[in-house]
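Let me begin by presenting the structure, written as structure tokens, before commenting on it.
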Amino acid sequence: VQLQASGGGLVQPGGSLRLSCSAPGSITSINVMGWYRQAPGRQRVLVATITSAGRTNYADSVKGRFTISRDNAKNTVDLQTNSMNPEDTAVYYCNVNLPWDPSYNYWGQGTQVTVSS
């Protein structure tokens, strides 16, 4: 399963970006899609997830600033980031998984987001 992420780049503090990720039509329709990020020298951590039923979960650090959404018909998941700060700088990865099947866990290639003036 190949996930394709896009939308990263350089943004000033307080700015916004929209990250997008598409998955092939072959993936199961019932899944969890999400975004994770990895800053230099740190582990990859959860940013936000969304189930196929629309239930969302956010890291405390992004609550109120980031919004995750998905289009089940198109197998896409987006992350709208607002009020960004330098601590949001990281490589952002999209993910699709099935919580009940650890072998079903796929990642996109990562997209760099840099928040700097």
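The values are calculated or read from the model by the stated rules, or taken from the named source; none is laboratory data. This is a predicted model, so every value here is computed, not measured. Neighbour counts run over all protein chains shown; Cβ positions are idealised from the backbone, glycine included. The accessibility values were calculated without ligands, DNA or RNA, using every heavy atom of the protein model including side chains. Shrake-Rupley method; radii C 1.70, N 1.55, O 1.52, S 1.80 Å.
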Exercise. Considering segment 65-74 alone, what residues qualify as being part of a loop (DSSP other than H, G, I, E, B), in contact (Cβ under 8 Å) with a residue 12 or more places away in the chain and open to solvent by 60 Å² or more (accessible area, probe 1.4 Å)?
Worked result: ASN72, LYS74
For this session: Within segment 38-51, work out how many residues are loosely packed, with under 14 Cβ neighbours inside 10 Å and closer than 20 Å to VAL1 by Cβ.
Result: 0
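Here is a yes/no grid of residues against (1) under 27 Å from SER103 (Cα atoms); (2) assigned to a strand (DSSP E or B); (3) at pLDDT 95 or above; (4) among the basic types (Lys, Arg):
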{"site": "VAL1", "(1), (2), (3), (4)": "yes, no, no, no"}
{"site": "SER26", "(1), (2), (3), (4)": "yes, no, no, no"}
{"site": "SER29", "(1), (2), (3), (4)": "yes, no, no, no"}
{"site": "GLN43", "(1), (2), (3), (4)": "yes, no, yes, no"}
{"site": "ASN57", "(1), (2), (3), (4)": "yes, yes, yes, no"}
Problem set entry | Enumerated strands (runs of 3 or more DSSP E) restricted to segment 76-117, each holding at least 3 residues that are open to solvent by less than 40 Å² (accessible area, probe 1.4 Å) and modelled with pLDDT of 95 or more | 76-81, 90-98, 111-115
For this session: Specify the residue that is nearest to the chain's Cα centre (by Cα); the eligible residues are those in segment 17-37 that are within 18 Å of ASN85 (Cα to Cα) and open to solvent by less than 60 Å² (accessible area, probe 1.4 Å).
Result: TRP35
Exercise. If ASN95 satisfies every condition in (1) within 18 Å of GLN4 (Cβ to Cβ); (2) over 13 Å from the mean Cα position of the chain (by Cα) but one, which is the exception?
Worked result: (2)
